[in-house]
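The values are calculated or read from the model by the stated rules, or taken from the named source; none is laboratory data. Since the model is a prediction, treat every value here as computed from it, not as a measurement. When we count neighbours, we look across all protein chains shown, and the Cβ atoms used for this are built from the backbone with ideal geometry, even at glycine. Side chains included, ligands, DNA and RNA excluded: accessible areas come from the protein's heavy atoms. Shrake-Rupley method; radii C 1.70, N 1.55, O 1.52, S 1.80 Å.
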Amino acid sequence: MTTPRPVELSAAEARRIALRAQGFLGTPDRKAGVRGILRHLGAVQLDTISVLARSHELVPYARLGAVGRRTVEDAYWKPAASGATAAQPHAFEYWSHAACILPVEEWPHFAFRRRAYRGRPHWNHELPDGAYDQVVKQLRAEGPLTATELGGAKRTSEWWDWSGTKVAVERALMYGEVVCVERRGWKRVYDLAERAVPGALLHDELDDTECLRRLVRLAGQSLGVGTRADIADYHRLKGEQVDSVIADSGLVPVTVEGWGKPAWADPAALQTPPRGRHRTTLLSPFDSLIWERARTERLFGFTHRLEAYVPKPKRVYGYFAMPVLAGGRLVGRVDPAREGRTLVAKQVTLDGPKAVPAVAQALIEAAGWVDCTNVRVERVDAPDLREPLARELARALA
């Protein structure tokens, strides 16, 4: 039997497929809203940095526009009852690409990771005798609690110096006996999984192969097209785990112009050419469109690094430089800050004069979303583009 030749994609076709798969090309499903975005992407990364907003807020904003920030939080964490049905969560937090918000229906498919954590022989933090059982007992008696409410998150002011209670509840989270049901003031709120996860989903019955097959297929659908490394990175699988299930995942082999490595695509993404409106927006550095830097360079010819943890004198683009997406390209960067009702572009990098209108539009829309009435630009890397950008902003704000 002859093996069919892989579908051949141009670099531009692969880029458009990826943009559509990530929700940036075509009309977004506004009726599905933030929850629809979460299900579509399969994972939304959390991060502590909040400059313009936190990353899990920026992800739906980038796709849907100025959806209310309270609406975003409620969509992730607020259960909704349907008629006589008891309220059920839509999401849970667990380790995927990093700490991520995940659709609750994917709980069974992370059984392989929970099993791996339970079999881990040692940890960075010592677990005091009796602390684990005490945490579970307290949650059972009192309901959802933060680590502080359980008895304290830290022993000292150092971020890494967890209390025995914090060690215990995080261990229970990794094992799957406890689940994070929301963030309250950026603190995790823990509850017993048996109470928070819908009964039909609360099991570890799927073997590792079935879990991996599902996550590889989901990654391929969310990426549209990707290499082995792209697919593995999406939920932080090992390359050999991808290899073990890729043939049975439902993804199809493709070749992409200039990629130099084998790739796989969601067959549904190949059936119809990607068409529609391109989003113009600022992107969180933790957005799943660009969180894998090698893939970002391959797709967009754009090198991006998060410099928040780089010493200030060594930063090139700024503390939290946000790429600007327009017309299906990454056309610049903005390092934002807020001062009262002013959105400050501390540093702007533009990919030539044609990028000016798009960057101005992205800044104006972002300012309105975070209730800023003014935009101030402090530095433009290309001095000759400073005045055109100022004119464009002034025209839009008039």
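A few remarks follow.
- Cleavage-rule hits (chymotrypsin sites (Phe, Trp or Tyr not before Pro)) in segment 307-398: DSSP loop, at most 12 neighbouring Cβ within 10 angstrom: Y309
- In this calculation the C-beta distance from R30 to A87 is compared with R0 = 25 Å, giving a FRET efficiency of 0.60.
- Given a 1.4 Å probe and the protein chains as shown, D243 ends up with an accessible area of around 80 Å².
- Highest to lowest packing among 203-212, 38-47, scored as the average C-beta count within 10 Å: 38-47, 203-212
- Out-of-range pairs (alpha-carbon distance over 21 Å; input K238/K314; K314/K346; K187/K314; K31/K187; K166/K187): K238/K314; K187/K314; K31/K187
- Residues of segment 9-27 with amide N under 14 Å of a point placed 7 Å along Cα→Cβ from E365: 23-27
- For segment 335-397, the spread of Cα coordinates along the three principal axes comes to 29, 19, 15 Å, biggest extent given first.
- For segment 291-398, the pair-distance distribution built from all alpha carbon pairs, in bins 5 Å wide starting at 0, is 2, 12, 22, 25, 20, 13, 5, 1, 0 percent.
- Within the shell of other residues whose beta carbon sits under 9 angstrom from the beta carbon of Q22, the net charge comes to +1, with Lys and Arg scored +1 and Asp and Glu -1.
- Relative contact order [Cα under 8 Å, 6+ residues apart], the chain, whole percent: 17
- Length-normalised contact order of segment 346-398 in % [C-alpha pairs under 8 Å, at least 6 apart]: 50
- Local electrostatic count at R329 - Lys and Arg +1, Asp and Glu -1, tallied over other residues with Cβ under 12 Å: +3
- Inter-part distance where segment 1-67 and segment 232-259 are each reduced to a Cα centre, Å: 18
- In a fully extended conformation the segment linking L201 and K354 would gain 50.1 nm over its present Cα-Cα distance, using 0.36 nm per residue.
- Convex hull volume of segment 209-266 per residue (C-alpha atoms, cubic angstrom): 65
- Placing +1 on each Lys and Arg Cβ and -1 on each Asp and Glu Cβ, with no other charges, gives the chain a dipole about its Cα centre of roughly 1000 debye.
- Theoretical gain in end-to-end length, R379 to R293 [0.36 nm per residue, Cα-Cα removed]: 28.4 nm
- Among A308, A360, T342 - extreme Cα towards positive end, dipole of segment 283-371, charges at beta-carbon: A308
- Counting only protein heavy atoms and a 1.4 Å probe, segment 123-237 has 47 square angstrom of accessible area per residue.
- Fluctuation leader among A265, A53, A382 - the chain, Gaussian network, Cα springs under 10 angstrom: A382
- Distance from segment 343-398 to segment 273-341 (C-alpha centre basis), Å: 15
- Net dipole in debye of segment 19-149 [+1 Lys, Arg Cβ; -1 Asp, Glu Cβ; about Cα centre; nearest 20]: 520
- Size descriptor, Kirkwood hydrodynamic radius, that averages inverse alpha-carbon separations across segment 104-152, Å: 13.2
- Backbone N atoms of segment 115-144 closer than 11 Å to the 7 Å Cα→Cβ label point of Y175 belong to residues 118-119, 130-137.
- Taking segment 172-225 and dividing mean pair separation by its residue count, relative contact order in percent (alpha carbons under 8 Å, at least six apart): 20
- Spacing of the modelled spin labels on E257 and R236, each 7 Å from Cα toward Cβ, amounts to 3.6 nm.
- Residue (of L52, W259, A269) at the positive-pole extreme of the chain, dipole from beta-carbon charges: L52
- Using just its DSSP H runs of length 4 or more, each adding -39500 (n - 2.57), the chain gives a mean residue ellipticity at 222 nm of -10500 deg cm²/dmol after division by all residues.
- Once the Cβ-Cβ distance of E8 and L127 is raised to the sixth power relative to R0 = 41 Å, the FRET efficiency obtained is 0.15.
- Radius ratio Rg over Rh of the chain, counting only Cα atoms, Kirkwood formula for Rh: 0.98
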